[in-house]
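K.L.:
The structure under discussion is supplied below as structure tokens; questions concerning it will follow.
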Amino acid sequence: MTSRRVFLKSGAMTMLSLGFAPSFLARAAAAAPTRKRLLIAIFQRGAVDGLNMIVPFGEAEYYRLRPNIAVPRPGGGDTTAIDLDGFFGLHPRMAALKPLWDNHSLAIVHACGSPDSTRSHFDAQDYMETATPGVKATRDGWLNRYLRASGAAAPLRGVAIARQMPRTLQGPAPALAFPAVETFTVRGGATAERDFQQAFEHASDPLLTSGAREAFEAMRILRSATNGDYRPSSGVDYPRSPFGQALQEIARIAKADVGLEVAFAESTGWDHHVNEGSVDGQLALRLDDVSRGIAALAADLGDRMADTIVLTMSEFGRAAAENGNAGTDHGHGNAMMLIGGPVKGGAVYGKWPGLQPEQRFEGRDLAVTTDFRDVFSEVVTQHLGLPSAAIAKVFPGFTGGPSLDVVRA
Amino acid sequence: MRRSRALSTFALAVVALLFWSAGLPAADIPKIPKDEAAVRHALNRLTFGPRAGDVEKVRRSGLSSWIDQQLNPAKIDDAALEARLLSPPPRPDSFDSMQQARRYGRESVEVLAANKLVRAVYSERQLQELLVDFWFNHFNVFAGKGRTAMFIPEYERDAIRPHVLGRFRDLLGATAKSPAMLFYLDNWLSADPEAAERIASRRPAAQQNGGGNGRRRGLNENYGRELLELHTLGVDGGYTQQDVIEVARAFTGWTIAPEVPRGRFLRAAAGQAAAGQAAALQTGSFRFVPALHDRGDKMVLGHRISGGGMEEGEHVLDIIAAHPATARHIARKLAQRFVSDDPPEALVARVAKRFTETSGDLREVMKTLITSPEFFAPQARGAKVKTPIDFVASAYRATGRDLSEPRPMLRALQQLGQMPYNCQPPTGYDDTADAWINAGALVARMNIAQQIAGPQDAARIGGPEFQRR
């Protein structure tokens, strides 16, 4: 197989591995590439309080259970919930997402989560990232399995903006993790890079040689496709937080047309056992960051949002009642958000189980009525186009529930 | 002529005596090669990497005797290392709050991690430190879970290090009783459900929910499962879900003692303890609480367990330590760490046999492994890829760069995904090539190489050959 680099009209570079004659390549080059579908997974680590994020203000019990930290019913400007559908509302500090609800690109799946009832952050995150709840032996992530099941290996199909490879993308399929595009480079200049490259190329070591080759290819592609400082689309203002900056990196790579298909970022600091706050306070600040970040990302990606889904997730929710420290303890069911053109937005999906004591999980938490894997698999089949026959490879041991029909094919 | 023959006979006799006293019959003196390549290979596998001059030094004094020394670390002087170790933060007599306990935990583990690197680079007891790394990983605990961190320094010092060349059963027992393991795998919470009900109903209403995570105490299977799946028999070792439950029942009551600070105790007794706060923080040492123990008889792997007390857990440990599947599981893991990612079956079988016939004597097991033909075979040379800890430590050893301030290197380890004591799942850090080699990791190693080594060495340290051992 010979590698060819072909210049496309837009100026971006694409790697094609072909063994064909140059004239065919020239014709292939002239045709515009079909825009790849993009999935951006955002993990809210620490168990976000879904009940204060997507507020069930129509549920009287919610106010009885949270005398101090409930978000007030809509009607009082920016100190109350933002009405979505007469029953559910957004936390007021998520106002940045309201326009996306209004134009039908934001959908919510409430009472969503894992069949496993662990309340250990670490176990539950692992179960969600490997999409094998209850099974600790799984080493690879669901998005890495998706990459394996869905096409040729390529260095830039899966990228996590993170200091370390998240479990979600761990596995044999090539994937990259770096905190920023500019850090994914060999320091010491072009000579250092060239020396390393030659050393690895000449090593009689298939594993290291191929790993290094992937690295150098990815660096080269990224470098030429992302020259200089990145400027977001006009008017777009990402929050100055690590999360906001991570989303900006993802937009940068997406717009560089280097073959990005699945991206991952994480938002931390959601574990509000003490002093959660309601309209203001710790949770409010985090929700503001996440919402403004996603809104900026959507605006920056512009018409690419027609082929993009942003999917938020968290390992479990928090208890229905507030605790003795004006916070909430670990719970069960939570809310996931989907944002994008292919999303049938403007609605809350899933079966709302209610918050009466007999309706709660173990008498204390929001129950789970939709398995998170139902959401994952719908995104993977309807949006990313994985054939249903291959779904079992990505979600082993999972027999799906009825389709939510939240994603357009 | 006669003199050299006498000398070589004498040398043979000495060697024979050495091996005989070390437990190996003189007739079975293993063929430990003497050539430089073999020495380099041995140092690659049995240390954190050769320093300049090490290969020549060991070759001259003899690889066999060096191996023998490393198998008896107590006899190796390590004073120079001791001088380099950072001092841990002082442990308060008692903790006034969970936040204080967690802060102490974080700070202690940070120092422990720094010292782990210092030991890897500077200890003369290299094999011991490699084995401490191996066995900690095998009996992994995670510093990020709750208050596990505060128990980790004593865990490594008292439960792991003393036993790495001792008896497996002792190592197993020490981890089972360690607060670190009891907390990390939740066994400290595990209780006979009926017993838990009795205790809960006697508590004031405000404390009925069992504290921060709202857990009502009952049987917790977490430790029982990992004890069988990871610590002993292995996932294919032939135990059932029922065995897991029975083992968990046997260990109910194995928990962590509360530490009641003197002043607080008096105030609590006077009823002034804040509602919703546990009367005392469980930050102490191992305690068996009979009231939490499920006293009924159990059946574990076909053995009847009875007695109704702490001896049930000990009995379970005896059974699983002696189980043939355990010998195989341990043999395979050791062979994977010290020989190759996919070790030859013959080697695993032989090491497992040694494990069984010596009742888990880990020194004997290591000897069998190291002196095996497979250890020195051509296929084993350079067959292992360095983990991030291996990589960083070997870079310092190879270049001779000074590691007086280890903390920046901890950031490098974090970047590479192997922050010590920070492996979240109980399976511990992987040891195989595909766990560590990916595009991003290689670039990170190239950059860290430039951080550690001077310009002449950077290309070598970040290059392909140096990633292997």
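The values are calculated or read from the model by the stated rules, or taken from the named source; none is laboratory data. Remember, predicted model here, so these are calculated numbers, not experimental data. A quick note on method: Cβ atoms are made from the backbone with ideal geometry, for glycine too, and the neighbour counts reach across all protein chains shown.
K.L.:
Tell me which residues, restricted to segment A:194-214, are over 32 Å from the mean Cα position of the chain (by Cα) and at the interface with chain B (Cβ under 10 Å from one of its Cβ atoms).
P.N.:
A:Asp195, A:Phe196, A:Gln197, A:Gln198, A:Ala199, A:Phe200, A:Glu201, A:His202, A:Ala203, A:Ser204, A:Asp205, listed by residue number.
K.L.:
Right, here's the next one. Please tell me if B:Thr326 is among the β-branched types (Val, Ile, Thr) and either in contact with a Pro (Cβ under 8 Å, 6 or more places away or on another chain) or part of a loop (DSSP other than H, G, I, E, B) (or both).
P.N.:
Here the answer is no, as B:Thr326 does not meet what is asked.
K.L.:
Now for a separate question. Name the pairs whose Cβ atoms lie under 9 Å apart, with the first residue in segment B:31-43 and more than 16 Å from B:Ser65 (Cβ to Cβ), the second among the small types (Gly, Ala, Ser) and surrounded by 12 or more Cβ atoms within 10 Å (Cβ to Cβ), and 6 or more positions between them or separate chains?
P.N.:
B:His41/B:Ala380; B:His41/B:Gly382
K.L.:
Moving on to the next point. If a residue has to be buried (at least 24 other Cβ atoms within 10 Å of the Cβ), in contact with a helix residue (DSSP H, G or I) (Cβ under 8 Å, 6 or more places away or on another chain) and more than 28 Å from A:Asn275 (Cα to Cα) to count, how many in segment A:329-347 make the cut?
P.N.:
Qualifying residue count, segment A:329-347: 3.
K.L.:
On to the next question. Output the residues belonging to segment B:434-460 that are out of contact with any strand residue (DSSP E or B) (no Cβ under 9 Å at 6 or more places or on another chain) and either of a type in the set (Phe, Trp, Tyr) or farther than 30 Å from A:Asn144 by Cα (or both).
P.N.:
Those that are out of contact with any strand residue (DSSP E or B) (no Cβ under 9 Å at 6 or more places or on another chain) and either of a type in the set (Phe, Trp, Tyr) or farther than 30 Å from A:Asn144 by Cα (or both): B:Gln450, B:Gln451, B:Ile452, B:Ala453, B:Gly454, B:Pro455, B:Gln456, B:Asp457, B:Ala458, B:Ala459, B:Arg460.
K.L.:
Quick one: is B:Leu117 closer than 19 Å to B:Ala335 by Cβ and either away from chain A (no Cβ under 14 Å) or in contact with a Phe, Trp or Tyr (Cβ under 9 Å, 6 or more places away or on another chain) (or both)?
P.N.:
No, not satisfied.
K.L.:
Something else about it: Just name the residue that is farthest from the chain's Cα centre (by Cα) out of those in segment A:174-190 that are within 10 Å of another protein chain (Cβ to nearest Cβ) and surrounded by fewer than 18 Cβ atoms within 10 Å (Cβ to Cβ).
P.N.:
Looking at residues that are within 10 Å of another protein chain (Cβ to nearest Cβ) and surrounded by fewer than 18 Cβ atoms within 10 Å (Cβ to Cβ), I get A:Arg187.
K.L.:
Restrict the check to segment A:394-409 and report whether at least one residue is away from chain B (no Cβ under 14 Å) and part of a helix (DSSP H, G or I).
P.N.:
yes
K.L.:
Here is a list: A:Asp126, A:Asp205. Which entry is closer than 20 Å to B:Ile461 by Cβ and among the charged types (D, E, K, R)?
P.N.:
Just one listed residue meets the conditions, A:Asp205.
K.L.:
Say we look at segment B:125-158 and pick out the residues that are in a loop (DSSP other than H, G, I, E, B) and buried (at least 24 other Cβ atoms within 10 Å of the Cβ); which of these is farthest from the other protein chains (Cβ to nearest Cβ)?
P.N.:
Filtering segment B:125-158 for residues in a loop (DSSP other than H, G, I, E, B) gives B:125, B:139-147.
Imposing the further condition that a residue be buried (at least 24 other Cβ atoms within 10 Å of the Cβ) reduces the set to B:139, B:141, B:143.
Numbers: B:Phe139: 15, B:Val141: 12, B:Ala143: 11 Å.
So the residue we want is B:Phe139.
Here is a yes/no grid of residues against (1) away from chain B (no Cβ under 14 Å); (2) of a type outside the set (A, V, I, L, M, F, W, C); (3) over 13 Å from A:Ile294 (Cβ atoms):
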| position | (1), (2), (3) |
| --- | --- |
| A:Val236 | yes, no, no |
| A:Pro239 | yes, yes, no |
| A:Gln245 | yes, yes, yes |
| A:Gln248 | yes, yes, no |
| A:Asp257 | yes, yes, yes |
| A:Leu260 | yes, no, yes |
| A:Val274 | no, no, yes |
| A:Ser278 | yes, yes, yes |
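Yes/no per residue for (1) within 14 Å of chain B (Cβ to nearest Cβ); (2) surrounded by fewer than 18 Cβ atoms within 10 Å (Cβ to Cβ); (3) touching a Phe, Trp or Tyr at 6+ places or on another chain (Cβ under 6 Å); (4) closer than 14 Å to A:His110 by Cα:
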| position | (1), (2), (3), (4) |
| --- | --- |
| A:Glu315 | yes, no, no, yes |
| A:Gly324 | yes, yes, no, no |
| A:Tyr349 | no, no, no, yes |
| A:Gly354 | no, yes, no, yes |
| A:Glu358 | no, yes, no, no |
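K.L.:
Among the residues of segment A:149-171, write down those that are under 16 Å from A:Phe395 (Cα atoms) and either among the aliphatic types (A, V, I, L, M) or within 13 Å of another protein chain (Cβ to nearest Cβ) (or both). Spell out the reasoning first.
P.N.:
Of segment A:149-171, the ones under 16 Å from A:Phe395 (Cα atoms) are A:149-150, A:167-171.
Correct list: A:Ala149, A:Arg167, A:Leu169, A:Gln170, A:Gly171.
K.L.:
Another one. Scan segment B:446-462 residue by residue and report those that are of a type outside the set (S, T, N, Q) and surrounded by 18 or more Cβ atoms within 10 Å (Cβ to Cβ).
P.N.:
Of the residues in segment B:446-462, the ones of a type outside the set (S, T, N, Q) are B:446, B:448-449, B:452-455, B:457-462.
Selection gives B:Met446, B:Ile448, B:Ala449, B:Ile452, B:Ala453, B:Asp457, B:Ala458, B:Ala459, B:Ile461, B:Gly462.
K.L.:
Does A:Ala367 satisfy the criteria of being surrounded by fewer than 22 Cβ atoms within 10 Å (Cβ to Cβ), touching a residue at least 24 places away in the same chain (Cβ under 8 Å) and not charged (D, E, K, R)? I'd like the intermediate steps shown before the answer.
P.N.:
Numbers: surrounded by fewer than 22 Cβ atoms within 10 Å (Cβ to Cβ): yes; touching a residue at least 24 places away in the same chain (Cβ under 8 Å): yes; not charged (D, E, K, R): yes.
Criteria met by A:Ala367.
K.L.:
For segment B:424-435, which positions are part of a loop (DSSP other than H, G, I, E, B) and at the interface with chain A (Cβ under 9 Å from one of its Cβ atoms)? Explain how you work it out, then say what you get.
P.N.:
Taking segment B:424-435 as the starting set, the residues that turn out to be part of a loop (DSSP other than H, G, I, E, B) are B:424-432.
Residues satisfying the conditions are B:Gln424, B:Pro425, B:Pro426, B:Thr427, B:Asp430.
K.L.:
Could you figure out which of (1) touching an Asp or Glu at 6+ places or on another chain (Cβ under 8 Å); (2) outside the structural domain of B:Glu221 (by TED's automatic domain parsing); (3) buried (at least 22 other Cβ atoms within 10 Å of the Cβ) isn't true of B:Lys367?
P.N.:
Failed condition: (1).
K.L.:
Would segment A:215-225 turn up any residue that is buried (at least 17 other Cβ atoms within 10 Å of the Cβ), touching a Phe, Trp or Tyr at 6+ places or on another chain (Cβ under 8 Å), in a helix (DSSP H, G or I) and more than 10 Å from chain B (Cβ to nearest Cβ)?
P.N.:
Yes, because at least one residue in segment A:215-225 is buried (at least 17 other Cβ atoms within 10 Å of the Cβ), touching a Phe, Trp or Tyr at 6+ places or on another chain (Cβ under 8 Å), in a helix (DSSP H, G or I) and more than 10 Å from chain B (Cβ to nearest Cβ).
K.L.:
Right, here's the next one. Given the criterion under 16 Å from A:Arg145 (Cβ atoms), in contact (Cβ under 8 Å) with a residue 24 or more places away in the chain and surrounded by fewer than 15 Cβ atoms within 10 Å (Cβ to Cβ), identify the matching residue among A:Gly385, A:Gly400.
P.N.:
None of the others qualify; the one that does is A:Gly385.
K.L.:
Follow-up question, since we're still on this one. Identify, from the list A:Met219, A:Met165, the residue that is modelled with pLDDT of 90 or more, among the aliphatic types (A, V, I, L, M) and within 24 Å of the chain's Cα centre (by Cα). Step through it out loud before you land on a result.
P.N.:
On the way: A:Met165 fails: modelled with pLDDT of 90 or more.
Answer to the check: A:Met219.
K.L.:
If A:Phe43 satisfies every condition in (1) of a type in the set (Phe, Trp, Tyr); (2) modelled with pLDDT under 50; (3) surrounded by 22 or more Cβ atoms within 10 Å (Cβ to Cβ) but one, which is the exception?
P.N.:
Evaluating A:Phe43 over (1) of a type in the set (Phe, Trp, Tyr); (2) modelled with pLDDT under 50; (3) surrounded by 22 or more Cβ atoms within 10 Å (Cβ to Cβ) leaves (2) as the failure.
K.L.:
Let me ask something additional. Being under 23 Å from B:Asn44 (Cβ atoms), within 11 Å of chain A (Cβ to nearest Cβ) and either surrounded by fewer than 21 Cβ atoms within 10 Å (Cβ to Cβ) or not aliphatic (A, V, I, L, M) (or both): is that true of B:Arg411 here?
P.N.:
No: the conditions fail for B:Arg411.
K.L.:
Based on what the data block shows, is B:Asn438 facing chain A (nearest Cβ under 8 Å) and buried (at least 23 other Cβ atoms within 10 Å of the Cβ)?
P.N.:
The answer is yes for B:Asn438.
K.L.:
Can you work out which of the residues in segment B:60-90 that are acidic (Asp, Glu) and assigned to a loop (DSSP other than H, G, I, E, B) is surrounded by the most Cβ atoms within 10 Å (Cβ to Cβ)?
P.N.:
B:Asp78
K.L.:
So if I check each of B:Tyr396, B:Tyr421, which one is assigned to a helix (DSSP H, G or I) and hydroxyl-bearing (Ser, Thr, Tyr)?
P.N.:
B:Tyr396
K.L.:
Counting only residues that are touching a helix residue (DSSP H, G or I) at 6+ places or on another chain (Cβ under 7 Å) and outside any loop (DSSP other than H, G, I, E, B), how many does segment A:226-249 have?
P.N.:
4
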